[in-house]
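Laboratory data are not the source of any read-out in this text; all were calculated from the coordinates shown. Just so we're clear, the structure is a prediction, and the values are computed from it rather than from any experiment. Methodologically, a virtual Cβ is constructed for each residue, glycine included, from the backbone with ideal geometry; neighbour enumeration extends over all protein chains shown.
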Amino acid sequence: MNLRQLDAFRATLRTGSVTEASRTLALSQPSVTRLIKDLERSVGFTLFVRNGRGITPTVEGRRFGDAVENLFTGTDRLKETAQAIRTSADGEVLIGVTPVLVYQITPEAIGATHQNKPRLKISLRVNHSAGLIDSVTMGQLDFAVVNVHHRPESLTVFYEQELRYVCLLPEDHALAQPNSTIDLNQLQQTDCIAYDSSRLHGADENWQKILSWPTVSLSAYSNIAVASLARTTGKPAIVDPYTARTMVALGGVTTRSLKQKLVSTLCVITRGADTLSLAARALAEAVVAELKSPE
């Protein structure tokens, strides 16, 4: 006795016809007939008898059919559960991002995922990279997108890309010449918007040396805060390309490339590939697709 035989018997019992059962199961009529005959040999009694051109279940067949229905009720529930898991119709995904990615990348990825899976709950949490790394480590987030100086060794990096920093400055600034490249040495004596010293903790020596302005009056921790102050005050700042793009879209500022190479790494991190549900993996892949798309 096996499930294929029971499935053929159940379909025939429900439809009252081997022909209809074969259509339901997408099998040939001889295949359905053979499966039922094999099942009859296994159980030791007749399941159907001919009635004119059709067939009728025997008393034993009807009693056996009740038991088979009870069996398949549980199987149907398993199939429904598997379908829900496979299509991610239910459940929740917790994603964390840095502030600037609230404006870019994640809205598009979340919107596309929500359109395909409207019953899936998606929770977006915003924090600085260090806080997001802690949250992923403690299992409070399924995955996060962080901007770091060094790859988090204790976590799985689902995707990473290098970010090359640029100079953000007012459109009418003396250094904002078309097709010009900014030498950071030119900015050393300029009152720029600086990064808070704690923000540079863990950065390489080049970062700390170049971005330690001799004289600054304003500083901030995050890229988006530095860029917002730069746009408001008209002072130059050094920011990542995503932050720069957000500020340029608001107007009044422009960007110029840097002569010196200042980079960080944008990472999509998780505790481990095996900790991601199908829904979380699909959303992570949607985020990665947005990160890979041309600017």
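Provide the gained length on full extension for the span Glu108 to Lys261, in nm with one decimal, where the gain is 0.36 nm per separating residue minus the Cα-Cα distance.
Values: separation 153, 0.36 × 153 = 55.08 nm, distance 2.97 nm.
This chain segment gains 52.1 nm when fully extended.
With the calculation restricted to Cα positions, what are the radius of gyration and Dmax of segment 3-87 in angstrom?
13.6, 46
Assuming R0 = 51 Å, can you tell me the calculated FRET efficiency for the pair Met138 and Thr56, based on Cβ-Cβ distance, to the nearest 0.05? Can you show the working numbers first?
Working: r = 63 Å, r/R0 = 1.24.
FRET efficiency, Met138 to Thr56: 0.20.
Once R0 is set to 45 Å, what does the formula 1/(1 + (r/R0)^6) return for the Cβ-Cβ distance between Gln161 and Leu3, expressed as a FRET efficiency to the nearest 0.05? Let's see the in-between values first.
Numbers: r = 48 Å, r/R0 = 1.06.
Efficiency at R0 = 45 Å is approximately 0.40.
Extension gain Thr232-Val126, at 0.36 nm per residue separation less the Cα-Cα distance, in nm?
Details: separation 106, 0.36 × 106 = 38.16 nm, distance 2.30 nm.
Result: 35.9 nm gained on full extension.
For the chain, take the alpha-carbon Rg, divide it by the Kirkwood Rh, and send me Rg/Rh.
Working: Rg = 31.6 Å, Rh = 23.9 Å.
Here the Rg-to-Rh quotient is 1.32.
Taking springs between alpha-carbon atoms closer than 10 angstrom, which of Glu285, Glu60, Glu69 fluctuates most in the Gaussian network model of the chain?
Result for the chain, Cα springs under 10 Å: Glu60 fluctuates most.
Tell me which lysines have Cα within less than 17 Å of Lys261's Cα, excluding those fewer than 8 residues away on the same chain?
Straight-distance partners of Lys261: Lys209.
Apply the Karplus curve 6.51 cos²θ - 1.76 cosθ + 1.60, θ = phi - 60°, to the phi angles in segment 231-245 and return the couplings in whole Hz, x for Gly and Pro.
Each residue's phi maps through the Karplus curve to give 5, 6, 8, x, 9, x, 8, 10, 9, 6, x, 5, 4, 4, 4 Hz.
Using 1/(1 + (r/R0)^6) with R0 = 30 angstrom and r between the beta carbons of Gln115 and Ala249, what's the FRET efficiency to the nearest 0.05? Each step should come with its number before you reach the end.
Numbers: r = 24 Å, r/R0 = 0.80.
Working from the Cβ atoms, E equals 0.80.
Report the relative contact order of segment 8-71, percent, no decimals, based on alpha-carbon pairs under 8 angstrom and at least 6 residues apart.
On the way: 53 pairs, mean separation 18.6, N = 64.
In percent, rounded to a whole number, it is 29.
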